[in-house]
Each structure stands twice: as structure tokens, then as C-alpha cells.
Amino acid sequence: MAESSFDLIVIGGGPGGYVAAIRAAQLGLRAAIVEREHLGGICLNWGCIPTKALLRSADVWRTMKHAASYGLSVEKAGFDLGAIVKRSRGVAGQLQGGVKHLLKKNKVTVFDGQGRLGGKGRVEVEKDGKAVATLTAPHIILATGARARLVPGLEPDGKLVWTYREALVPDTMPKSLLVIGSGAIGIEFASFFNALGADVTIVEMLDRVLPVEDEEISAIARKSFEKQGMKIITGGKVSRLEKAGDRAQATIEANGQTTTAAFDRVIVAVGITANVEGLGLDGTGVVLEKGHIRTDPFLRTGEPGVYAIGDVTAPPWLAHKASHEGVICVEKIAGLDHVQPLDLSRIPGCTYCHPQIASIGMTEAKARAKGHEVNVGRFPFVGNGKAIALGETEGMIKTVFDAKTGELLGAHMIGAEVTELIQGYGIAKTLETTEAELMHTIFPHPTLSEMMHESVLDAWGRAVHF
């Protein structure tokens with residue numbers, strides 16, 4: 001057993017953990033990472049990145065099928081599911097190699113194994129049940145992430161019933177697919193398999209799909225998904241799954257009725273569970289709240305010298321939130337001046353389905369519920385020249401402002417490339433921009449971003465092109 005001393009140890013090498021370690025190294029701290037599986041974490045290996053590679057293939061296929069509308073002809077078009085998956089895994093592999101390079105470049109020491117707290121300032125590392133090392137540091141960051149939440153009666157078997165892991169490497173193209181849960185993960189997989197020809201049914205417990213989004217955006221999304229052929233059941237639940245030969249038999253309860261239906265495959269996407277087991281938290285001051293680690297604004301836990309970032313902590317559970325928390329945590333440890341706590345209202349959220357969805361800040365309903373008098377602006381894609389030229393006229397950009405102060409309270413988008421556009425409003429919120437600055441900002445023509453300008457103008461009754 002080797003014993004090594006560091007200034008900071010990170011348990012978990014995902015987008016929060018590896019960013020924290022690199023930032024620590026930049027600040028002159030001797031940093032180490034303990035990772036039990038894959039550097040880059042779930043996001044890079046089994047989440048954000050490979051799903052976007054799959055969805056890109058689906059987008060290209062969708063465009064190919066409508067080639068005639070662009071004056072093009074495509075003969076004998078087809079797809080190879082195995083090749084699509086292989087490309088996705090290749091993209092993840094390339095980026096994992098990039099993370100390894102960055103850690104080496106910044107002289108971060110990497111330990112392969114399972115890390116756990118072993119007393120004050122100590123981390124015990126094991127691999128395959130055998131002790132690998134005992135590490136010491138005055139500062140330890142828990143960045144162990146989360147995994148798919150399991151629901152009794154809906155347990156995945158890896159064959160007929162999938163989590164996101166199996167859905168990323170499908171062994172077959174299902175003719176029929178049931179997706180349980182309509183959050184970002186469920187909707188993205190529904191969009192991918194629907195584009196490739198699967199008959200997709202979505203069951204959501206709440207009264208609308210994508211329930212964290214603005215109600216107006218959610219309604220537009222549902223209309224679009226149903227137009228694409230998806231069947232959507234809201235206010236319902238799947239109470240039971242049974243194997244019926246090579247299919248899964250689902251019992252669905254909705255609108256006071258119970259029905260059964262058989263599907264080739266089922267994807268369970270009903271949330272996540274924090275990876276807190278085996279971390280040695282017993283006997284420490286680390287407190288769990290709804291299964292996740294509670295922290296203060298600077299990511300400190302109740303145990304001195306122990307911090308937590310990313311999906312193992314409170315929502316929202318997003319990779320970019322984890323990375324930002326890692327930077328805040330390390331800069332505070334290093335004693336930098338003017339380190340600011342994370343402002344949740346400035347975290348954008350993106351769903352990469354078709355059409356794409358993106359948002360930041362408060363929905364219209366939440367803004368009103370908090371007592372704001374609001375001005376709301378809207379601008380449709382069909383009124384934008386670039387959108388028409390792209391053949392992407394489905395969608396809308398919506399902005400919510402405080403009517404008295406002009407503060408941008410929230411922005412909500414659905415349509416082509418909105419996951420890229422949303423950062424414009426992200427910068428605006430960071431700069432505490434009001435409607436006046438946005439109105440006087442010059443947006444290039446012809447671009448989709450012009451709709452952002454028009455939506456702001458519309459909030460004050462000044463939209464020009466609609």
C-alpha cells in the first residue's frame with residue numbers, strides 16, 4: 001500500500017471532478033483524482049456526449065428523408081444502427097482520451113479505484129476489493145455523481161427494460177418503444193428512436209411533458225412530438241412490467257383507466273439516485289437531504305475539510321453546473337478573493353430532442369407566483385428569414401421581464417439550434433442586463449439570433465417583423 005500526500009483529493013472524475021482537479025493544479029495545489037470507472041464520468045461516457053452523437057445521426061437521417069424539400073435527391077437511403085452506435089462510442093472514447101491528456105498536462109495524479117473517506121484528511125482507495133493506496137489531504141471533494149433511479153416493479157433487466165446505458169448501445173432497433181418519464185433523458189431517447197422509425201409511447205406522471213419547462217414551451221413540444229408520431233400519456237404511470245416472451249408487457253394507469261400493452265423495449269428514465277454508498281460517510285458530519293449531500297453556498301459539507309459538487313448534491317443535475325461548482329469550490333479553498341456562490345437562476349438547461357428546447361431563469365408562471373409584474377415577449381421561427389432558409393420554421397422564443405425594472409427574469413426557447421442560442425441570454429443574466437441593453441444590441445442578419453432581439457422588443461410591444 002502506497003501513501004501519498006496532496007493538497008486536495010477529488011473522488012470522482014466526471015465533469016465536476018476533473019475540472020475541479022485541473023483548476024486546483026492551475027492554482028498551484030497538488031491535486032489527485034480517484035476514479036473507479038471512466039474519466040469524464042457518466043456525462044462524457046454514458047450521457048451528454050454519446051447521446052448527442054446519436055441524436056446527430058438522427059438529425060442527418062431526418063434531413064435525408066426530406067431531401068426533396070431542399071431540391072436534392074437521395075436514392076436508396078438507409079441506416080446502420082451498429083455503425084451509429086459505433087460512432088457514438090468513438091466520440092466518447094476520443095473525449096475520454098482528451099480528459100486523460102488534460103489531467104496529465106496539469107500534473108494531476110490519477111488513482112484507478114474506489115475512493116472512500118478513511119478518517120480526517122484521509123482517503124482509502126480500493127480496486128476489486130483490494131487496498132490500492134491511502135491518500136491524505138486537508139481538502140477532499142466528493143464528486144461521485146449519480147445513477148438511474150430504480151422504481152419497484154420497473155427494474156431494468158438490460159434486455160427488454162433499459163436504463164440510459166442500454167439505450168446508448170441498443171442491440172436491436174425496436175419496432176415499438178415505451179419511454180417512462182418525459183424529462184430530458186427520456187425525451188432525447190424518444191426523439192432518437194422515433195426518428196429511426198420506432199413506434200414510441202411516452203408515459204409521464206405529471207400533467208405535461210418536460211414539466212420543468214415553461215408551460216407554453218411544453219405545450220408546443222407535445223404538439224410537435226405527436227405530429228412526429230409519438231403517443232404521449234400524461235397524468236399516468238406504469239404500475240407494472242412483465243416479460244411476455246421477447247416483449248415487455250406494461251400495465252398503464254391513466255385517466256382512471258388501466259390498460260396493458262406490449263413493447264419490444266422499455267426505457268426507464270424517472271430520475272437519478274446519488275452515489276453516496278461506500279463513501280465512508282457514517283460517523284462524519286456529512287448530511288444527506290433527499291438522498292443527496294447537503295452543502296453550503298461554497299460547496300462545504302457539514303464535515304470540516306470535505307466538500308461535494310455535482311449530481312451527488314442538490315439539483316439541477318447538469319454537467320455544466322457540476323463544472324462550475326468545482327471551480328467555485330477550489331477557488332474558495334485556494335483563498336481567492338471575490339469568489340461568488342452559484343446563482344441557480346443563471347444555469348441554462350438544454351434538451352437535444354427535435355425540436356430542441358432550452359431555457360434559463362424563471363418560467364412565466366414562477367415569475368408571477370413570486371409577485372413579479374411581468375412583460376412577456378414572443379417571436380416565432382416562422383417570422384425569421386434564416387429559419388425559413390434552413391427549412392426550420394417550427395418553434396418560438398419567449399422572454400420574461402420584470403415590467404418595472406426591466407430585469408430579464410427568464411428565457412424559454414423551442415426550435416432549431418436553441419441549445420446554442422440560449423447562452424446569449426445566459427451572458428445577459430450574468431451581466432444583469434435589462435431590456436434596454438438588449439434592445440440596443442445589434443444582432444447580425446440573417447441569423448436565428450435575431451429572434452432573440454425580436455422577442456425582447458415584443459415584450460414592450462415593439463417587435464418589427466411579426
Take GLN340 and VAL60, extend 7 Å from each Cα along the Cα→Cβ direction, and tell me the distance between the two endpoints in nm. 4.0 nm
By DSSP, what percent of the beta bridges with both residues in the chain are antiparallel, rounded to the nearest 5? 60 percent
What number do you get for segment 161-270 when its Cα radius of gyration is normalised by 2.2 N^0.38 Å, N = residues? 1.00
Hits for the chain under the membrane-span-like helix rule (DSSP H, Cα axial span at least 15 Å, Kyte-Doolittle mean at least 1.6) are none
For the pair ARG240/MET205, report the inter-label distance in nm, with labels modelled 7 Å from Cα in the Cβ direction. 1.9 nm
Please rank VAL456, VAL286, VAL99, fewest neighbouring Cβ atoms within 10 Å first, as an exposure proxy. VAL286, VAL99, VAL456
Once segment 355-459 is represented by equal point scatterers at the alpha-carbon sites, with solvent omitted, what log10 I(q)/I(0) does the Debye formula produce at q = 0.23, 0.24 Å⁻¹? -1.24, -1.33
Could you tell me which label, among [x] 85, 59, 57; [y] 66, 56, 41; [z] 65, 62, 47, carries the value of Cα extents along the principal axes in Å calculated for this structure? [z]
Treating only the Cβ of Lys, Arg, Asp and Glu as charged (+1, +1, -1, -1), what charge dipole size does the chain show about its Cα centre? Round to the nearest 20 debye. 860 debye
What's the local net charge at PHE466, with K and R +1, D and E -1, over the other residues with C-beta under 10 Å away? -1
Of the listed links LYS223/LYS429; LYS65/LYS243; LYS104/LYS159; LYS52/LYS386; LYS65/LYS175, those spanning more than 26 angstrom between alpha carbons are LYS223/LYS429; LYS65/LYS243; LYS104/LYS159
Could you work out the local net charge near MET173, counting Lys and Arg as +1, Asp and Glu as -1, over the other residues with Cβ closer than 12 Å to its Cβ? -2
List every residue whose amide H lies under 5 Å from the amide H of VAL10, counting only residues 5 or more places away in sequence or on a different chain, with H placed 1.01 Å from N in the peptide plane. ALA32, ILE33, VAL34, ILE141
Quickly rank 242-248, 447-453, 9-15 as a protection proxy: mean count of other C-beta atoms within 10 Å, highest first. 9-15, 447-453, 242-248
What fraction of the Cα pairs in segment 54-190, stated in percent, has a spacing above 26 angstrom? 52 percent
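Here, each number is a calculation from the coordinates, and none is a lab measurement. Every value quoted in this text rests on a predicted model; they were computed, and no experiment measured them. With ideal geometry, Cβ positions are generated from the backbone for all residues, glycine too; neighbour counts draw on all protein chains shown.
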